[in-house]
Amino acid sequence: MQLVNGFKLMDYAKENGLVLTAFNTTNYELTAGIIRGYQEKGLGGYIAISSSNLKLSNPKIIADMVKSAMKEASVPVALHLDHGKSFEDVKACIEAGFTSIMVDASHLPFEENIEEVRRTVEYCHFYGIPVEAELGAIGGKEDDHISEEDAKTNPEDVKEFVERTSCDLLAVSIGNVHGMDLTPNLDFPLLEKIAARSSVPLVLHGGSGIPFDQVRRAKQQNLIKVNYGSDLRQAFIRTFGQAYERNHNEFDIMSLSKLAIDNVEDRVKAIITEVNEK
Ligand code: G3H
Ligand code: ZN
């Protein structure tokens, strides 16, 4: 199946009452495990790669790899730029065939965030691609990006931000953090205020480690997407780490890579089940 357009995927989520998962990839094994997980569960979602992670490869390599992994799949999957850090990255990803974009200008002052998102939206909408933006800052570590800042989204800014940027999804900071080091506790009164003021659906970053009952509870507040990165990376790395611990002379990269794909697939299936089927 071809990659689906991000707007179509959002419609699919609304029609089926789903919170879409977005799983971050880095390499072939993660990609194969993610797509197999979606296929086995019979549910679609996002596969994403962050701007920082694109330094390891480039948008075309990632798009080609994901498109080829999708050839035998029959569930709708959109390829998403996660935490898009520059207009150049956005353009390169659209050109490579990405079907959904996030621009992350949340580190900038309010007016500059609006300006950066607005010009990205203008560009992406021309190609019929939806744009996710972030208001407030999410703390923790993502790829090589470490943010000490953890500024919760100010609900009073939400309406103006969404209206002036014309973004299609809004990523919020409500106690969610990137990485596995901290145990997040979502601020539900704040989420309710944000949801009441946002005309577009909401996105939760830092999914790894958030108790699933909290993710399901957030679904009542117009949540459409929840992002998972570290959880799958851990499953991948653990596969090789455990093999090395068992045998310091281990060199069977083929078998271990296949096992890593299985382990990533298992985490994908478990997360999808927790988010949408309980
Ligand atoms: O944008 C990606 C996610 O927010 C990943 O966060 O590594 O805590 O799951 P996580
Ligand atoms: Zn994130």
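Here's a check for you: in segment 84-142, which residue that is in contact (Cβ under 8 Å) with a residue 24 or more places away in the chain, open to solvent by 70 Å² or more (accessible area, probe 1.4 Å) and assigned to a loop (DSSP other than H, G, I, E, B) is farthest from residue 230 (Cα to Cα)?
127
Name the residues in segment 11-28 that are open to solvent by 10 Å² or more (accessible area, probe 1.4 Å) and at negative phi, would you? First the steps, then the outcome.
Initial filter on segment 11-28 (open to solvent by 10 Å² or more (accessible area, probe 1.4 Å)): 11-12, 14-18, 26-28.
Those that are open to solvent by 10 Å² or more (accessible area, probe 1.4 Å) and at negative phi: 11, 12, 14, 15, 16, 18, 26, 27, 28.
For segment 58-79, check the following and say yes or no: at least one residue is of a type in the set (Val, Ile, Thr), open to solvent by 40 Å² or more (accessible area, probe 1.4 Å) and within 21 Å of residue 129 (Cα to Cα).
To start, the set of residues in segment 58-79 that are of a type in the set (Val, Ile, Thr) comprises 61-62, 66, 75, 77.
Now restrict to residues that are open to solvent by 40 Å² or more (accessible area, probe 1.4 Å): 61.
From what's left, within 21 Å of residue 129 (Cα to Cα): 61.
Yes: segment 58-79 contains one or more residues that are of a type in the set (Val, Ile, Thr), open to solvent by 40 Å² or more (accessible area, probe 1.4 Å) and within 21 Å of residue 129 (Cα to Cα).
Suppose the filter is more than 13 Å from ligand 1 (Cβ to nearest atom), open to solvent by less than 10 Å² (accessible area, probe 1.4 Å), aliphatic (A, V, I, L, M) and under 18 Å from residue 20 (Cα atoms); does residue 232 pass it? Let's see the steps before the verdict.
Values: more than 13 Å from ligand 1 (Cβ to nearest atom): no; open to solvent by less than 10 Å² (accessible area, probe 1.4 Å): yes; aliphatic (A, V, I, L, M): yes; under 18 Å from residue 20 (Cα atoms): yes.
Answer is no for this residue.
When you check residue 175 against the structure, is it within 29 Å of residue 234 (Cβ to Cβ), assigned to a loop (DSSP other than H, G, I, E, B) and of a type outside the set (Lys, Arg), yes or no? So that I can check it myself, show each step before the final result.
Details: within 29 Å of residue 234 (Cβ to Cβ): yes; assigned to a loop (DSSP other than H, G, I, E, B): yes; of a type outside the set (Lys, Arg): yes.
Judged against the criteria, residue 175 is a match.
Which number in (1) assigned to a helix (DSSP H, G or I); (2) touching a strand residue (DSSP E or B) at 6+ places or on another chain (Cβ under 7 Å) marks the one condition that residue 207 misses?
Tallying (1) assigned to a helix (DSSP H, G or I); (2) touching a strand residue (DSSP E or B) at 6+ places or on another chain (Cβ under 7 Å), residue 207 fails exactly one: (1).
With within 13 Å of ligand 1 (Cβ to nearest atom) and in contact with a His (Cβ under 6 Å, 6 or more places away or on another chain) as the only criterion, which of 206, 179 stands out?
Working: 179 fails: in contact with a His (Cβ under 6 Å, 6 or more places away or on another chain).
When all the criteria are applied, what remains is 206.
Take segment 90-133 and flag every residue that is within 14 Å of ligand 1 (Cβ to nearest atom) and within 15 Å of residue 53 (Cα to Cα). Don't jump to the end; show me each part of the working.
In the first step, residues of segment 90-133 are kept if they are within 14 Å of ligand 1 (Cβ to nearest atom); the result is 100-104, 106, 132-133.
Answer for segment 90-133, where residues must be within 14 Å of ligand 1 (Cβ to nearest atom) and within 15 Å of residue 53 (Cα to Cα): 101, 102, 103, 104.
Out of 219, 225, I need the residue that is closer than 22 Å to residue 46 by Cα, basic (Lys, Arg), within 13 Å of ligand 2 (Cβ to nearest atom) and touching a residue at least 12 places away in the same chain (Cβ under 8 Å). Which one? Reasoning before the result, please.
Values: 219 fails: within 13 Å of ligand 2 (Cβ to nearest atom).
Every option except 225 fails the conditions.
So, in segment 18-67, how many residues would count as being part of a helix (DSSP H, G or I) and within 23 Å of residue 278 (Cα to Cα)? So that I can check it myself, show each step before the final result.
Kept after step one, since they are part of a helix (DSSP H, G or I), are these residues of segment 18-67: 28-41, 52-55, 59-67.
Among the residues that remain, those that are also within 23 Å of residue 278 (Cα to Cα) are: 33-41.
Residues that pass the stated criteria total 9.
The values are calculated or read from the model by the stated rules, or taken from the named source; none is laboratory data. Keep in mind that what you see is a predicted model, and the values were worked out from it rather than measured. Reconstructed Cβ throughout: ideal geometry from the backbone, glycine too, with neighbour counts over all protein chains shown. SASA here: full protein model, heavy atoms, side chains in, ligands and nucleic acids out. Shrake-Rupley method; radii C 1.70, N 1.55, O 1.52, S 1.80 Å.
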